[in-house]
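Step one of this worksheet: look at the structure below.
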């Protein structure tokens, strides 16, 4: 497996485990489980980020709710088919994990670096208060010919800069993973609360090929 491929998608988060483990899938006899971690923002709100962890890294039969961990790995996506549509499911695929005494003040508790390609025309808009926003979808290569598709959101000057990107351009992004709740309308009478995940961009650069 190429180190270069691994280097193009790097995540480190630190936070509090806020759910039990739930089984996700098995690959060659190795079980993978999902667990949610709450990561504080500077504004004292929080992001609830899903981690995918191998049973070889942690004892998944235990409930670690309330414990603080530091985890590093990649932000990955896969398509789940439901309601006749594909939904993009995002989670942090954990490669290393350790317990920490507690959340460290001022530490980089949520940090992501991505190196990928614009795979959809950026969407630029302004909020009613005039704040500039641009939505990007980044394709980040993975070993064995696969790619992860990562939604990113830019603000202000970064949004203006990103609005001119073309599909296929090579981009590097630094930011944080954030979660956002929204209401999905299922039918005329039914709605469902869901959570979307995206990278809030603090720095980005378009690389000349």
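The values are calculated or read from the model by the stated rules, or taken from the named source; none is laboratory data. What you are looking at is a predicted structure, and each value in this text was computed from that prediction instead of being measured. Don't worry about glycine lacking a Cβ; one is built from the backbone with ideal geometry, like all the others, and counts go over all protein chains shown.
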* Asked: Does at least one position in the stretch 181-193 carry a residue that is outside the structural domain of residue 34 (by TED's automatic domain parsing), over 27 Å from residue 32 (Cα atoms), surrounded by 15 or more Cβ atoms within 10 Å (Cβ to Cβ) and more than 21 Å from the chain's Cα centre (by Cα)?
  -> no
* Can you tell me which residues in the stretch 40-83 are crowded, with 20+ Cβ neighbours inside 10 Å and more than 20 Å from residue 142 (Cβ to Cβ)? -> 47, 58, 60, 69
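Can you pull out the residues in the stretch 68-94 that are touching a residue at least 24 places away in the same chain (Cβ under 8 Å) and over 20 Å from residue 179 (Cβ atoms)?
83, the sole residue that qualifies.
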* Regarding residue 197, is this residue surrounded by 13 or more Cβ atoms within 10 Å (Cβ to Cβ), outside the structural domain of residue 76 (by TED's automatic domain parsing), more than 24 Å from residue 16 (Cα to Cα) and within 14 Å of the chain's Cα centre (by Cα)? -> no
* Would it be correct to say that residue 131 is touching a helix residue (DSSP H, G or I) at 6+ places or on another chain (Cβ under 8 Å), farther than 21 Å from residue 32 by Cα and surrounded by fewer than 16 Cβ atoms within 10 Å (Cβ to Cβ)? -> yes
* Structure fact -> Within the stretch 41-56, the count of residues that are within 12 Å of residue 110 (Cβ to Cβ) and modelled with pLDDT of 90 or more comes to 4
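Scan the stretch 100-109 and tell me whether some residue there is under 16 Å from the mean Cα position of the chain (by Cα) and surrounded by fewer than 15 Cβ atoms within 10 Å (Cβ to Cβ).
yes
Within the stretch 24-44, count every residue that is within 21 Å of residue 101 (Cα to Cα) and assigned to a loop (DSSP other than H, G, I, E, B).
First, pick out the residues of the stretch 24-44 that are within 21 Å of residue 101 (Cα to Cα): 35-42, 44.
Add one more test, that the residue is assigned to a loop (DSSP other than H, G, I, E, B), and what stays is 41-42, 44.
Residues that pass the stated criteria total 3.
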* Asked: Considering the stretch 1-23 alone, what residues qualify as being farther than 22 Å from residue 99 by Cα and either assigned to a strand (DSSP E or B) or free of Cβ contacts under 8 Å to residues at least 24 places away in the same chain (or both)?
  -> 3, 4, 9
* Do we find that residue 24 is in contact with a strand residue (DSSP E or B) (Cβ under 6 Å, 6 or more places away or on another chain) and either in the same structural domain as residue 147 (by TED's automatic domain parsing) or under 21 Å from residue 173 (Cα atoms) (or both) in this structure? -> no
